[in-house]
Amino acid sequence: MTESNKAVLEKANAAVTAGDNEGFLSHCTEDTKWVFVGERVLQGKEAVRQWMKTAYAEPPKFMVENLIAEGDFVTAIGKINLKDEAGEEASYAYCDVWRFQDGKMAELQAFVIKTKE
């Protein structure tokens, strides 16, 4: 199951970088919960959809450095570039810990730190 969970996350990330937010969301459970540690919590697919409309108005660029799977969890560590609140491209280091349920992404804990790169 861990290999298929990794494959699901890779497909979902490919969709979002192609600007296909609905394709990404098709890999999430209806009650998906996203916790941006220290920032906000999004509850449900619709809340994530609304957040993505602004945060990913221009598709982000991911560079996954490590993808680690164990049981129902997949952890992605890497870098992401996207527009910040001022509309300027910004670089971030991230660690996303995804919990899967029945082959879909059910919960995210995201640790995201703006870098000076």
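Couple of notes before you dig in:
- Under 12 Å, Cβ to Cβ, from Glu107 - net charge with Lys/Arg +1 and Asp/Glu -1: 0
- From the coordinates of this entry, Kirkwood radius over Cα pairs in Å is computed, and it appears in (1) 17.5; (2) 14.3; (3) 16.6 under the label (2).
- Under-5 Å amide H pairs with Gly103, H placed in peptide plane, nonlocal only: none
- Partners for Lys83 among lysines (Cα-Cα distance below 17 Å; same-chain residues under 8 apart left out): Lys53, Lys61, Lys114, Lys116
- By the rule of a C-alpha distance below 15 Å, with chain neighbours fewer than 8 residues away ignored, the aspartates and glutamates paired with Lys6 are Glu65, Glu70, Asp72, Asp96, Asp102, Glu107.
- Per residue of the chain, the DSSP helices (runs of n ≥ 4 H) give a summed -39500 (n - 2.57) that works out to -8000 deg cm²/dmol at 222 nm.
- Each label was represented as a point 7 Å from its Cα along the Cα-to-Cβ direction; for Phe111 and Tyr56 these points are 2.3 nm apart.
- Residue exposure proxy: Asp20, Asp102, ordered by other Cβ atoms within 10 angstrom of their Cβ from fewest to most, comes out as Asp102, Asp20.
A short reminder: the numbers here are calculations on the coordinates, not readings from a lab. The structure presented is a predicted model; accordingly, all values stated were derived computationally and were not measured. Please note: Cβ atoms are built from the backbone with ideal geometry, for glycine as well, and neighbour counts cover all protein chains shown.
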